[in-house]
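J.: One structure, pasted below without further comment.
The values are calculated or read from the model by the stated rules, or taken from the named source; none is laboratory data. Treat the numbers as computed from the prediction; the structure is a model and nothing was measured. Cβ placement follows ideal geometry from the backbone for every residue including glycine, while neighbour counts extend to all protein chains displayed.
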Amino acid sequence: MGELVSRYKDAPAKAFGSQPGIVYLAVNGLGSLAALSLIRSFGVDFGDLQGGALRATEILTAGIGSIAFFRTSLFNVTLRDATIGIGPNILLVIILTALDRGVDRKRAQGRSEAVASIMDGFNFSTGANTLQKYCLSGLMQNATDDDIKAISDVRVDLQDELNDDIPAQVKAYILGLNLMNIVGDEVLREAVSRVKPFIGEAVPVDEVGDSNSRDD
C-alpha cells in the first residue's frame, strides 16, 4: 500500500480500488502467506517462543521476508537506455506497469471532467504564475523543490511562443491537471476560486471563435 501511495499521491484510494491495484496487493499478500507456510513446514521454532509470541514472530518474519524476496533482482540487463533488474522483482514490475495503465485509463475521464469544471474560464495568461505560487508556495506546506520545479517547467513551456497555437483555455486545463497531481482536485478548486477574482476573466471560447471569423 505504501508503494501505491507514493505513486498516486493525489488519490491513492482510487489506486487501491482498481483491479490492478487489488491484484498487486493480493500478490504481496499471497507471497507473505507462502513464506509463512514455508516457515511452518520447515519447523522454524525461533528459540523458546511459544503461543502468541511465536505466531506474531512467524507472521512478521514471513511478511518482511516476502517484501525482501519480491524486490530482489539477481542481475541487471540494459535494454536501449533502460536498466532492468531480472529476478523475483520482475513480477511486481509487470503488475505495477499494468496498474499504471489501468489506473490512468480509469481516471482519465474523471480527471478531464474535474479539471474542466475547476479551470473553466480561468485566465491562463494573467493567472498561471499566481495560481502556481498560491498552491505550492502558499497552501501546500510540504511541496518539494522537485514538485515546484516540475510545475514551473510545465508553465514556462506552455507560455513559450512555440506553443501559441494551443488555446489559452486548453493551457489552463493542462496546468490544472499538473497541479492536481500534487494538490488534489479539492484544493485546486478552492485555490482557483480564491485567485480568479484578482486575475480578470478569460475571453469566452465562443467570442474567440467569432473574433477569428471576423478577422478572416
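J.: If I filter region 92-134 down to residues being within 15 Å of the chain's Cα centre (by Cα) and among the acidic types (Asp, Glu), which single residue comes out as farthest from ALA26 (Cα to Cα)?
T.: Per the criteria, the residue is ASP104.
J.: So, one more: Scan region 100-126 and report the pairs whose first residue is outside the structural domain of GLU186 (by TED's automatic domain parsing) and surrounded by fewer than 15 Cβ atoms within 10 Å (Cβ to Cβ) and whose second residue is in a helix (DSSP H, G or I) and among the hydrophobic types (A, V, I, L, M, F, W, C), with Cβ atoms within less than 7 Å and a gap of 6+ or a chain change.
T.: none
J.: Among the numbered criteria (1) among the hydrophobic types (A, V, I, L, M, F, W, C); (2) assigned to a helix (DSSP H, G or I); (3) modelled with pLDDT of 80 or more, which single criterion is violated by LEU91?
T.: Going through the list (1) among the hydrophobic types (A, V, I, L, M, F, W, C); (2) assigned to a helix (DSSP H, G or I); (3) modelled with pLDDT of 80 or more, LEU91 breaks only (3).
J.: Follow-up. Among the residues that make up region 36-59, is at least one of them crowded, with 17+ Cβ neighbours inside 10 Å, closer than 30 Å to ASP100 by Cβ and over 29 Å from the mean Cα position of the chain (by Cα)?
T.: Yes: region 36-59 contains one or more residues that are crowded, with 17+ Cβ neighbours inside 10 Å, closer than 30 Å to ASP100 by Cβ and over 29 Å from the mean Cα position of the chain (by Cα).
J.: Among the residues in region 13-32, are any exposed (fewer than 12 other Cβ atoms within 10 Å of the Cβ), assigned by TED's automatic domain parsing to the domain that holds LEU91, at pLDDT 85 or above and under 30 Å from GLY102 (Cα atoms)?
T.: Going through region 13-32, the residues exposed (fewer than 12 other Cβ atoms within 10 Å of the Cβ) turn out to be 13, 26, 30.
So of that shortlist, the ones also assigned by TED's automatic domain parsing to the domain that holds LEU91 come out as 13, 26, 30.
Those left that are additionally at pLDDT 85 or above: 26, 30.
Keeping just the survivors that are under 30 Å from GLY102 (Cα atoms) gives 26, 30.
Yes, region 13-32 contains at least one residue that is exposed (fewer than 12 other Cβ atoms within 10 Å of the Cβ), assigned by TED's automatic domain parsing to the domain that holds LEU91, at pLDDT 85 or above and under 30 Å from GLY102 (Cα atoms).
J.: Continuing with this model, one more query. What helices (runs of 4 or more DSSP H) lie completely within region 135-216 and have 2 or more residues being over 24 Å from the mean Cα position of the chain (by Cα) and modelled with pLDDT of 90 or more?
T.: 185-195
J.: In region 144-167, how many residues are surrounded by fewer than 18 Cβ atoms within 10 Å (Cβ to Cβ), touching a residue at least 12 places away in the same chain (Cβ under 8 Å) and under 22 Å from ARG111 (Cβ atoms)? Talk me through it step by step, then tell me what you get.
T.: Of all residues in region 144-167, those surrounded by fewer than 18 Cβ atoms within 10 Å (Cβ to Cβ) come to 144-146, 148-150, 152-153, 156-157, 159-167.
Remaining after also requiring touching a residue at least 12 places away in the same chain (Cβ under 8 Å): 148, 150, 152, 159, 167.
Cutting the leftovers down to under 22 Å from ARG111 (Cβ atoms) gives us 148, 150, 152, 167.
The total comes to 4.
J.: Give me the residue from region 1-57 that is in contact (Cβ under 8 Å) with a residue 40 or more places away in the chain and not in a helix (DSSP H, G or I) and, out of that set, farthest from ARG107 (Cα to Cα).
T.: Once the filter is applied, the top-ranked residue is LYS9.
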